[in-house]
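Below: the structure, in C-alpha cells.
The values are calculated or read from the model by the stated rules, or taken from the named source; none is laboratory data. Fair warning: this is a prediction, and the values are worked out from it, not measured in the lab. Glycine gets a Cβ as well: all are built from the backbone with ideal geometry, and neighbour counts include every protein chain shown. These area figures cover heavy atoms from the full protein model, side chains too; ligands, DNA and RNA do not enter into them. Shrake-Rupley method; radii C 1.70, N 1.55, O 1.52, S 1.80 Å.
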Amino acid sequence: MSPFVNIGNVPFDMNILASVFPNCGYIAGKAQTLETAGRIVRLKRGYYVASAEETGVALSNRLIANHLYGPSYVSLETALRYYGLIPERVYKISSMTTKHSRVFENPTGIYSYQHCEPEYFHLGITMKNENEGSFLIASPEKALCDVINYSKNLNLRFMKDVGIYLEEDIRFDIDYLKKMDVNLICEIAKFSRKQQSINTLIKFMCHE
C-alpha cells in the first residue's frame with residue numbers, strides 16, 4: 001500500500017513528507033526522487049501533492065487552489081463555470097485572497113489569486129466536496145460580484161448596462177438571477193470596490 005493513501009489528494013509540505021518517511025535522512029533528496037518517479041507532483045517550492053496513480057484519488061484543482069496560497073477561495077469565472085452559469089471553459093483556476101495577488105503555474109494547472117480586503121473576503125463563501133476532499137468556493141452571488149468588482153474598466157451605471165454585460169459579455173444564465181439571494185448581494189455591496197455597479201446589479205435583479 002502506498003504511504004500516501006492516508007494523505008489522499010490533499011497538498012502537503014516537507015514536514016508532512018518527513019513524517020511519511022521518518023527514517024529518511026535527506027528528505028529533500030527523497031522528494032526529488034519521488035517527483036522524478038511521478039509519485040508526487042511539485043506544486044511550488046517545498047509543496048507537493050501525491051499523484052492520482054499513487055493514491056487512487058483524482059486530483060482536484062479547486063482543492064489545490066485553496067492550499068497552494070491562502071487564505072483563499074475559488075471564485076470569479078472559475079466559480080461561475082463550476083455552477084454552470086457561464087458556457088465558456090476556463091483555463092486557469094481563479095481565486096480571491098487577502099494576501100498579495102499572485103499567479104502560480106505547475107503541472108496541475110495555472111492558479112491566479114486576486115487580492116481583496118478582509119472585510120469583503122469572508123462574505124458569501126461556501127464549502128463543496130470533490131474527489132474525497134473539500135474546498136472553499138464563492139457562492140454564485142459572491143462569484144458574480146467578484147467578477148464585476150475585479151473586471152478592469154467595467155462600470156455598470158444603468159440597468160441596461162447590466163443586461164448587456166451579463167447576456168453579451170459573459171453570457172451569464174439570466175434565468176438564474178431569480179434564484180439568487182439579493183440580501184446577500186446587498187451585504188456584499190457594502191464592502192465592494194465597485195459599490196455603484198453592484199447596486200445597479202441589485203436594481204436589475206429586483207426589476208427582473
Q. His207 label point, 7 Å along Cα→Cβ, cut-off 16 Å on backbone N: hits in segment 154-197?
A. 155-168, 174-175, 177-178, 196-197
Q. So how far apart, in nm, are the two label points at Ser101 and Met14 if each is 7 Å from Cα heading toward Cβ?
A. 3.1 nm
Q: Can you tell me the relative contact order of the chain? Whole percent, Cα pairs under 8 Å, sequence separation 6 or more.
A: 16 percent
Q: For segment 127-191, just say rounded, prolate or oblate: build the C-alpha gyration tensor, square-root its eigenvalues into a ≥ b ≥ c, call rounded for a/c under 1.5, and beyond that prolate if a/b exceeds b/c, oblate if not.
A: prolate
Q: Treat every Asp and Glu Cβ in segment 27-172 as -1 and every Lys and Arg Cβ as +1, leave all other atoms uncharged, and give the resulting dipole magnitude about the Cα centre to the nearest 20 debye.
A: 400 debye
Q. Once label points are set 7 Å from the Cα along Cα→Cβ at both Arg45 and Phe158, what is their separation, rounded to one decimal in nm?
A. 5.3 nm
(Q) 7 Å from Cα along Cα→Cβ at both Lys179 and Asn131: what's the point-to-point distance in nm? (A) 2.5 nm
Q.
If a paramagnetic tag sat 7 Å from the Cα of Ser2 along the Cα-Cβ line, which residues of segment 111-140 would have the backbone N under 16 Å from that point?
A. 131-133
Q.
Rounded to two decimals, what is the ratio between the C-alpha radius of gyration of segment 46-149 and 2.2 N^0.38 Å?
A. 1.03
Q | Rg in Å to one decimal, and Dmax rounded to a whole Å, for segment 71-208 via C-alpha atoms | A | 14.5, 46
**Q.** Per residue accessible area of segment 1-142, 1.4 Å probe, in Å²
**A.** 50 Å²
Q.
P(r) for segment 72-113, please, calculated from all Cα pair distances in 5 Å bins and given in %.
A. 6, 24, 28, 23, 14, 5
Q | Listed residue pairs exceeding 26 Å between alpha carbons, taken from Lys99/Lys160; Lys99/Lys142; Lys30/Lys99; Lys44/Lys152 | A | Lys99/Lys160; Lys30/Lys99; Lys44/Lys152
